[in-house]
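Engineer: Could you have a look at this structure, given as structure tokens, before my questions?
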Amino acid sequence: MTHQEISPHRLASQKLYKTSPSSPQEIVRHLGAMQAQDYAMAKWAIGSRCDASETAIEEAINSAQIIRTHILRPTWHFVSSEDIYWMLDLSAPQVKRIIISETKKYGYDEKQFDNINSNIEKILAGNNYLTRNEIMQELTIRKVPGGSYLSPVLIMMYAELDGLVCNGKMKGKKNTYALLEERVPKPKTKLTKEEGLAKLTKRYFESHGPATLLDFSWWSGFPPTTCKIVINALELQLNSVEIDGQMYWFGNQIHDETNFRESVHFLPAFDEILISYKSREASILMEHQSKAFTNNGIFKPIILENGKVIGTWKRTIKKDHAKIETQFFNETESSKKEILFDGIKAFENYLEMKIIIE
């Protein structure tokens with residue numbers, strides 16, 4: 001394998017070639033966790049990897065087949081209901097430490113958060129789906145020094161990481177919270193930390209490989225020293241290749257390179273094809289990276305041609321159609337654009353709405 005071949009292998013690992021039918025939940029389970037702070041775009045991250053419509057994906061989320069919560073890092077992710085508990089057991093302690101270090105200056109520690117969580121549990125009991133603002137109105141939170149309240153975002157993030165709450169059903173266009181155990185029954189057995197780490201590591205390299213140790217460390221939130229130990233323990237269950245002095249790991253299932261066909265993908269902001277790697281040069285040239293994402297972690301929707309980012313796009317939803325605007329990194333002939341725009345048909349099917357390209 002050469003450095004140029006990394007990106008098509010990643011397209012296959014991440015199921016962007018769509019060689020076999022998959023349900024929305026199967027896509028999320030395959031990838032382990034999919035970054036999901038931009039809710040509308042995160043749904044398309046699932047839809048771009050299967051043939052489900054936005055309506056079908058929304059139903060999978062509303063019915064708790066797919067859970068949206070904070071996990072792995074201090075950000076939203078989609079996780080399969082089958083994985084939510086063991087993954088929380090594994091990653092929540094390290095993310096909670098980040099929250100506590102941030103809130104200790106305001107006098108908040110685990111005890112204060114436990115008291116808040118007890119009240120949240122009473123408020124949401126009985127499948128009472130409420131928005132964050134509605135929950136805050138029910139809570140009595142004392143002011144922190146300086147006269148401001150503890151961030152509602154951190155309050156609900158801690159409750160999620162504690163395994164207390166997750167997303168509820170949508171209330172119109174508003175996200176709600178619900179008690180996790182009322183949505184997904186708790187399993188009877190638990191994985192040890194070592195078992196959980198091994199499972200997460202294997203899942204990542206099977207669904208994101210070829211990738212490096214530092215890629216996995218970034219995606220999982222675990223320090224490189226921990227990642228190195230678990231990768232060494234799984235060495236016989238993974239494949240590896242050294243490219244330009246760097247070791248890349250991937251699953252034991254070798255991708256059929258005859259499936260590495262010509263392809264165009266219009267992918268959402270924060271898609272796993274970029275955000276799940278510490279180093280992104282295999283998919284986007286350094287000179288173009290500032291056009292696709294910022295130093296403070298804001299990612300734009302991207303256009304991929306044969307696994308390489310060639311531009312960005314944005315969509316505006318109108319009453320009876322969606323407007324698509326594109327910006328290519330290099331001058332592109334009209335005839336070439338027409339070929340590239342065939343890649344947007346999948347998004348049209350997903351939206352179940354006519355698309356107009358401007």
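Engineer: Taking the Cα of residue 97, stepping 7 Å toward and past its beta carbon, and measuring to each backbone N in the stretch 45-88: which are under 17 Å?
Structural biologist: 71-75, 88
Engineer: Let me ask something else about it. Do me a favour and compute the ellipsoid semi-axes for the stretch 96-208 from its Cα gyration tensor, root of five times each eigenvalue, largest one first, whole Å.
Structural biologist: Details: eigenvalues 150, 82, 37 Å².
So the three semi-axes of the stretch 96-208 are 27, 20, 14 Å.
Engineer: Please label the shape of the stretch 157-234 as rounded, prolate or oblate, based on the square roots a ≥ b ≥ c of the eigenvalues of the alpha-carbon gyration tensor (a/c under 1.5 means rounded; beyond that, a/b larger than b/c means prolate, else oblate).
Structural biologist: Working: a/c = 2.68, a/b = 1.87, b/c = 1.44.
Prolate shape, in that a/c is at least 1.5 and a/b is the bigger ratio.
Engineer: I want to check the label-to-label distance for residue 354 and residue 253. Put each point 7 Å from Cα in the C-beta direction and report it in nm to one decimal.
Structural biologist: The modelled label-to-label distance comes out at 4.0 nm.
Engineer: What's log10 of I(q)/I(0) for the stretch 228-349 at q = 0.16, 0.18, 0.19 Å⁻¹, Debye sum over Cα points only, no solvent?
Structural biologist: Normalising to I(0) and taking log10 leaves -0.93, -1.09, -1.16.
Engineer: Now for a separate question. Using a Cα distance threshold of under 15 Å, what count of lysine pairs results for the stretch 262-358 when pairs must be 8 or more residues apart or interchain?
Structural biologist: Final tally of qualifying lysine pairs is 13.
Engineer: Can you give me the relative contact order of the stretch 224-337 as a percent, contacts being Cα pairs under 8 Å and 6 or more apart?
Structural biologist: On the way: 116 pairs, mean separation 20.3, N = 114.
Relative contact order, the stretch 224-337: 18 percent.
Engineer: Rounded, prolate or oblate: pick one for the stretch 1-59, where a ≥ b ≥ c are the square roots of the eigenvalues of its C-alpha gyration tensor, a/c under 1.5 means rounded, and failing that, prolate if a/b is larger than b/c, else oblate. Can you show the working numbers first?
Structural biologist: Details: a/c = 2.47, a/b = 1.77, b/c = 1.39.
Prolate is the answer for the stretch 1-59, as a/c is 1.5 or above and a/b outweighs b/c.
Engineer: Sticking with this structure for a sec: Just to confirm my numbers, what's the Cα centroid distance between the stretch 1-64 and the stretch 286-358 in Å?
Structural biologist: Rounded to whole Å, the Cα centres lie 17 Å apart.
Engineer: What distance in nm lies between label points placed 7 Å from Cα along the C-beta direction at residue 288 and residue 262?
Structural biologist: Label at residue 288, label at residue 262, 1.7 nm between them.
Engineer: If contacts are Cα pairs under 8 angstrom and at least 6 residues apart, what is the relative contact order of the stretch 10-71 in percent? Could the numbers behind the result be given before it?
Structural biologist: Details: 47 pairs, mean separation 21.5, N = 62.
The value is 35 percent.
Engineer: Here's something else I'd like to know. Once phi is turned into θ = phi - 60°, what whole-Hz ³J(HN,Hα) does the Karplus curve with 6.51, -1.76 and 1.60 give for every residue of the stretch 292-298, x standing for Gly and Pro?
Structural biologist: Couplings: 9, 7, 9, 5, 8, x, 9 Hz.
Engineer: Once you put a point 7 Å from the Cα of residue 59 and another 7 Å from the Cα of residue 119, both along the Cβ direction, what distance in nm separates them?
Structural biologist: Placing both labels 7 Å beyond Cα along the Cβ direction yields 3.9 nm.
Engineer: How high is the relative contact order of the chain, in percent, counting Cα pairs under 8 Å that sit 6 or more residues apart?
Structural biologist: Details: 550 pairs, mean separation 67.3, N = 358.
In percent, rounded to a whole number, it is 19.
Engineer: Just tell me which aspartates and glutamates come within less than 20 Å, Cα to Cα, of residue 105; anything on the same chain fewer than 8 places away is out.
Structural biologist: 114
Engineer: Taking a ≥ b ≥ c as the square roots of the Cα gyration tensor eigenvalues, with a/c under 1.5 meaning rounded and otherwise prolate when a/b beats b/c, else oblate, which class fits the stretch 1-135?
Structural biologist: Working: a/c = 2.81, a/b = 1.62, b/c = 1.73.
Oblate, because a/c is 1.5 or more while a/b does not exceed b/c.
Engineer: Please list, in order along the stretch 177-183, the HN-Hα scalar couplings obtained from phi with the Karplus expression 6.51 cos²θ - 1.76 cosθ + 1.60 (θ = phi - 60°), rounded to whole Hz, x for Gly and Pro.
Structural biologist: 10, 9, 6, 4, 5, 7, 9
Engineer: Leaving out ligands and nucleic acids, and using a 1.4 Å probe, what accessible area per residue does the chain come to in Å²? All intermediate terms of the calculation are to be shown ahead of the outcome.
Structural biologist: Details: 17400 Å² over 358 residues.
Per residue, the chain has an accessible area of 49 Å².
Engineer: Run the accessible area of the stretch 23-110 with a 1.4 Å probe and give the carbon-and-sulfur part as a rounded percent. Could the numbers behind the result be given before it?
Structural biologist: On the way: 1350 of 2880 Å².
C and S atoms contribute 47 percent here.
Engineer: Translational diffusion coefficient, Stokes-Einstein: compute it for the chain using the Kirkwood radius over C-alpha pairs as Rh, at 4 °C and 1.567 mPa s, and state it as an integer in µm² s⁻¹.
Structural biologist: Details: Rh = 21.6 Å.
The diffusion coefficient I find is 60 µm²/s.
Engineer: Which aspartates and glutamates have a Cα lying under 18 Å from the Cα of residue 193, excluding residues fewer than 8 positions away in the same chain?
Structural biologist: 82, 83, 89, 162
Engineer: When only alpha-carbon atoms are used, what values of Rg and Dmax, in angstrom, describe the stretch 59-145?
Structural biologist: 14.6, 43
Engineer: Multiplying the sequence separation of residue 226 and residue 105 by 0.36 nm and subtracting their Cα-Cα distance, what value in nm do you get? If you can, show how the numbers build up before the last one.
Structural biologist: On the way: separation 121, 0.36 × 121 = 43.56 nm, distance 2.90 nm.
Gain on stretching residue 226 to residue 105: 40.7 nm.
The values are calculated or read from the model by the stated rules, or taken from the named source; none is laboratory data. Note that the structure is predicted; figures quoted are calculated from it, not measured. Methodologically, a virtual Cβ is constructed for each residue, glycine included, from the backbone with ideal geometry; neighbour enumeration extends over all protein chains shown. Ligands, DNA and RNA are stripped out before the accessible areas are found, and what is left, the full protein with its side chains, is counted by its heavy atoms. Shrake-Rupley method; radii C 1.70, N 1.55, O 1.52, S 1.80 Å.
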